[in-house]
Amino acid sequence: MYAKVLMWGMLLIPWISLFFLKPASIRRFMPVSILGALLVTIVFEIAHAFRWWTIFDKATIVPWGYITNTAYTYGFFLIGTLWIFKLTYHRFWLFIVTDLVINGGFQFVVDPLFVRAGFYRLDNIRHWQIFLLMTGIGLMLYLYQMWQEGSISREVKNQDDPYELTAIASGKGEIMSCTPGHDNSKKEGFPPLLCINAARPASPCTPSRKRRRRASRSDWSDA
């Protein structure tokens with residue numbers, strides 16, 4: 001009884017956590033999360049064929065659960081992937097460290113407890129091998145998200161994280177400090193918000209030093 005409650009909680013509680021995310025964040029990172037769940041489902045299919053492990057009735061909440069752990073794959077892993085990308089994307093090393101910590105904690109702490117509790121049994125694979133496999137899947141998902149970003153609209157990215165576009169533009173030397181509603185912010189394609197510069201206070205729609213240099217050079221060439 002308690003095992004079924006635990007499995008249902010692992011499936012449903014992660015989905016409830018989506019209420020704490022913006023709809024734009026869900027639209028942006030749900031595709032990579034679904035891909036991750038698909039890859040893990042394929043891993044479970046391969047594991048069933050090669051008898052890597054055996055899932056017992058205690059861990060099944062649906063009739064086909066003896067092949068794929070439904071609670072883990074479509075609850076904990078799918079939504080967990082979405083949260084990881086939301087919190088770490090564009091910071092690769094933070095993503096890697098977070099992924100390693102979560103995979104390591106699950107494989108070397110949580111999984112052994114599940115094995116002892118009789119949820120499943122490892123037959124022809126070890127925990128460290130599963131750890132390496134899941135880490136490889138994480139890297140594949142990050143590469144996919146980098147490719148997927150090209151098809152995500154600027155509006156969705158702005159709604160997900162208004163500061164992201166300005167930060168990216170700042171790295172290219174094209175940042176402008178702008179206040180909401182100013183025409184230049186729309187012209188430059190930046191989100192209508194106050195762009196804060198740590199070096200000096202923000203002023204309404206003030207071009208960066210690079211742009212002032214370019215403008216002064218063009219004036220000299222015209223002269």
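The values are calculated or read from the model by the stated rules, or taken from the named source; none is laboratory data. From a predicted model like this one, the values you see are computed outputs, not experimental measurements. Every residue, glycine as well, gets a Cβ built from its backbone with ideal geometry; the counts of neighbours run over all protein chains shown.
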Taking into account only those residues within the stretch 4-43 that are under 14 Å from the mean Cα position of the chain (by Cα) and hydroxyl-bearing (Ser, Thr, Tyr), which is surrounded by the fewest Cβ atoms within 10 Å (Cβ to Cβ)?
Ser25
Taking the stretch 126-156 and keeping residues touching a residue at least 24 places away in the same chain (Cβ under 8 Å) and hydroxyl-bearing (Ser, Thr, Tyr) leaves Thr135, Tyr142, Tyr144
All but one of (1) touching a Lys or Arg at 6+ places or on another chain (Cβ under 8 Å); (2) modelled with pLDDT of 95 or more; (3) among the charged types (D, E, K, R) hold for Lys157; state the number of the condition that does not hold.
(2)
Met1 passes all but one of (1) surrounded by fewer than 14 Cβ atoms within 10 Å (Cβ to Cβ); (2) at pLDDT 95 or above; which number fails?
(2)
Looking at the stretch 104-147, which of its residues are aromatic (Phe, Trp, Tyr) and farther than 16 Å from Ile46 by Cβ?
Phe106, Phe108, Phe114, Phe119, Trp128, Phe131, Tyr142, Tyr144, Trp147
For the structure I just gave you, tell me whether Thr54 is touching a strand residue (DSSP E or B) at 6+ places or on another chain (Cβ under 7 Å), within 26 Å of Trp128 (Cβ to Cβ) and hydroxyl-bearing (Ser, Thr, Tyr).
yes
Right, Ile67: closer than 22 Å to Phe119 by Cα, buried (at least 17 other Cβ atoms within 10 Å of the Cβ) and in the same structural domain as Ala37 (by TED's automatic domain parsing) or not?
no
Among residues belonging to the stretch 111-125 that are surrounded by 11 or more Cβ atoms within 10 Å (Cβ to Cβ) and without any contact (Cβ under 8 Å) to a residue 24 or more places away in the chain, point out the one that is nearest to Phe77 (Cα to Cα).
Asp111
Just to be sure before I move on: is Thr60 under 20 Å from the mean Cα position of the chain (by Cα) and not basic (Lys, Arg) in the structure I sent?
no
